[in-house]
Amino acid sequence: MNIKVLRGNPTPEELAAALAVVRARAAAQAALPPRAPAPRDSW
């Protein structure tokens, strides 16, 4: 995963906080059970 700062000058602490949020969100998404496919509409 590559993250690029396009504007501003974040401190190492700010970058660490942002990365922690991104990692936590990715981990939460990965922990969800797989969704069943939507039923096919026979229309």
Per the 1.4 Å probe, what fraction of the accessible area of the chain, in percent, lies on carbon and sulfur atoms?
59
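How charged is the neighbourhood of Q29? Take every other residue with its Cβ under 15 Å from the Cβ of Q29, and add Lys/Arg as +1 and Asp/Glu as -1.
Counting the neighbours of Q29, the net charge comes to +3.
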Just the Cα atoms of the chain: what Rg and Dmax do they give in Å?
17.7, 55
Just from its helices, what would the mean residue ellipticity at 222 nm be for the chain, if runs of 4 or more DSSP H residues each count -39500 (n - 2.57) and the sum is divided by every residue, rounded to the nearest 500 deg cm²/dmol?
-16000 deg cm²/dmol
With +1 on the Cβ of every Lys and Arg and -1 on the Cβ of every Asp and Glu, the dipole magnitude of the chain about its Cα centre, in debye rounded to the nearest 20, is 140
Could you state the angle between the C-alpha long axis of helix 12-31 and the longest principal axis of the C-alpha atoms of the chain, as a value from 0 to 90 degrees rounded to the nearest 10?
10
Based on the mean of other beta carbon atoms within 10 Å per residue, what is the order of 6-19, 26-39, most packed first?
6-19, 26-39
Applied in sequence order to the stretch 34-42, the curve 6.51 cos²θ - 1.76 cosθ + 1.60 (Karplus, θ = phi - 60°) yields integer Hz couplings, x standing for Gly and Pro, of x, 7, 6, x, 5, x, 6, 7, 8
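The values are calculated or read from the model by the stated rules, or taken from the named source; none is laboratory data. For clarity, every value in this text was computed on a predicted model and none was experimentally measured. Cβ sites come from the backbone with ideal geometry, for glycine too, and all protein chains shown count toward neighbours. Heads up: the accessible areas ignore ligands, DNA and RNA and are worked out on the full protein's heavy atoms, side chains in. Shrake-Rupley method; radii C 1.70, N 1.55, O 1.52, S 1.80 Å.
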